[in-house]
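S.K.: Attaching a single structure in structure tokens format; questions to follow.
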Amino acid sequence: MTATCPRSSGVVLIGVLIALALAALMAVQTGQRLADSRQRDNEAELLFVGEQYRQAIQSYWRESPGGARVWPQRLDDLAEDKRFAIPRRHLRKLYRDPLAPETSWGLVNQGAAVIGVYSQAPGMPFRQTGFSSTQRDFDGARRYADWRFVAALPATPGAAASGPGNGAGAGTGNSPAPGRTLPPKPAPPLSRGLR
């Protein structure tokens with residue numbers, strides 16, 4: 001019988017440990033890539049869902065009955081607008097925040113009215129550039145709460161005929177431009193000049 005050399009056993013043991021360490025490192029890197037990919041997918045979904053809310057808020061305002069245009073008071077109003085004999089839907093359903101499904105949406109308010117939403121998820125967005133024209137203020141955002149999906153409507157009756165989103169009246173008067181956050185100073189009430 002030949003005895004195993006202690007030196008060769010040590011070399012094999014070190015080789016096994018190195019192989020295990022490399023496998024663990026690869027597993028961590030793969031896991032991180034998967035997590036990053038999932039985060040990017042969730043960001044893309046957030047951009048889509050946020051736009052659905054922004055458009056629904058604009059629709060709620062535009063379709064106000066009786067000529068007196070008003071904003072919704074809560075998000076539920078978008079899924080079931082009870083101002084009509086047969087309730088209307090401006091939003092098919094109330095979507096959850098893809099980045100923080102257990103957390104409620106942050107609301108952009110003007111008085112008691114809801115004029116926009118944003119995610120309350122922690123962290124910095126991966127995506128920093130390449131946004132649509134309605135989301136151009138999202139460039140370089142340091143946190144998800146800076147991605148604010150705010151309704152943009154014309155400030156004057158003449159601009160209302162052109163409609164939002166086509167450049168007419170965007171960014172003028174009392175209303176932020178499409179996808180823009182509210183200015184740092186409080187905006188005057190939107191009811192003035194919109195009736």
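The values are calculated or read from the model by the stated rules, or taken from the named source; none is laboratory data. Note that the structure is a prediction, hence the values are computed from the model and not measured. Note that each Cβ is placed from the backbone with ideal geometry, even for glycine, and that neighbours are counted across all protein chains shown.
S.K.: Can you give me the number of residues within region 74-128 that are part of a loop (DSSP other than H, G, I, E, B) and not basic (Lys, Arg)?
M.R.: Qualifying residue count, region 74-128: 30.
S.K.: Here is a follow-up. What are the residues in region 88-105 that are within 18 Å of Gln55 (Cβ to Cβ) and either touching a residue at least 24 places away in the same chain (Cβ under 8 Å) or among the basic types (Lys, Arg) (or both), if any?
M.R.: Arg88, Arg89, His90, Leu91, Arg92, Lys93, Tyr95, Arg96, Asp97, Pro98, Trp105 - these are the residues of region 88-105 that are within 18 Å of Gln55 (Cβ to Cβ) and either touching a residue at least 24 places away in the same chain (Cβ under 8 Å) or among the basic types (Lys, Arg) (or both).
S.K.: Suppose the filter is at pLDDT below 95 and outside any loop (DSSP other than H, G, I, E, B); does Gly31 pass it?
M.R.: Criteria met by Gly31.
S.K.: If you don't mind, another one. Output yes when any residue across region 29-52 is more than 30 Å from Arg142 (Cβ to Cβ), of a type in the set (Val, Ile, Thr) and out of contact with any Phe, Trp or Tyr (no Cβ under 6 Å at 6 or more places or on another chain), and no when none is.
M.R.: So far as region 29-52 goes, no, none of its residues is more than 30 Å from Arg142 (Cβ to Cβ), of a type in the set (Val, Ile, Thr) and out of contact with any Phe, Trp or Tyr (no Cβ under 6 Å at 6 or more places or on another chain).
S.K.: Out of all the residues in region 65-80, which are over 14 Å from Val114 (Cα atoms) and either of a type outside the set (A, V, I, L, M, F, W, C) or free of Cβ contacts under 8 Å to residues at least 24 places away in the same chain (or both)?
M.R.: Pro65, Gly66, Gly67, Glu80 - these are the residues of region 65-80 that are over 14 Å from Val114 (Cα atoms) and either of a type outside the set (A, V, I, L, M, F, W, C) or free of Cβ contacts under 8 Å to residues at least 24 places away in the same chain (or both).
S.K.: If Leu46 satisfies all but one of (1) in a helix (DSSP H, G or I); (2) farther than 23 Å from Gln110 by Cβ, what's the number of the condition it fails?
M.R.: Here Leu46 meets the rest and fails (2).
S.K.: Could I ask something else about it? Looking at Asp81, Asp97, can you tell me which residue is surrounded by 12 or more Cβ atoms within 10 Å (Cβ to Cβ) and modelled with pLDDT of 95 or more?
M.R.: Selected residue: Asp97, the only one of Asp81, Asp97 that is surrounded by 12 or more Cβ atoms within 10 Å (Cβ to Cβ) and modelled with pLDDT of 95 or more.
S.K.: So Asp36 ticks every box in (1) assigned to a loop (DSSP other than H, G, I, E, B); (2) at pLDDT below 95 but one. Which box is left unticked?
M.R.: (1)
S.K.: Test Val70 against the stated conditions and say whether it is under 27 Å from the mean Cα position of the chain (by Cα), surrounded by 10 or more Cβ atoms within 10 Å (Cβ to Cβ), part of a loop (DSSP other than H, G, I, E, B) and modelled with pLDDT of 80 or more.
M.R.: yes
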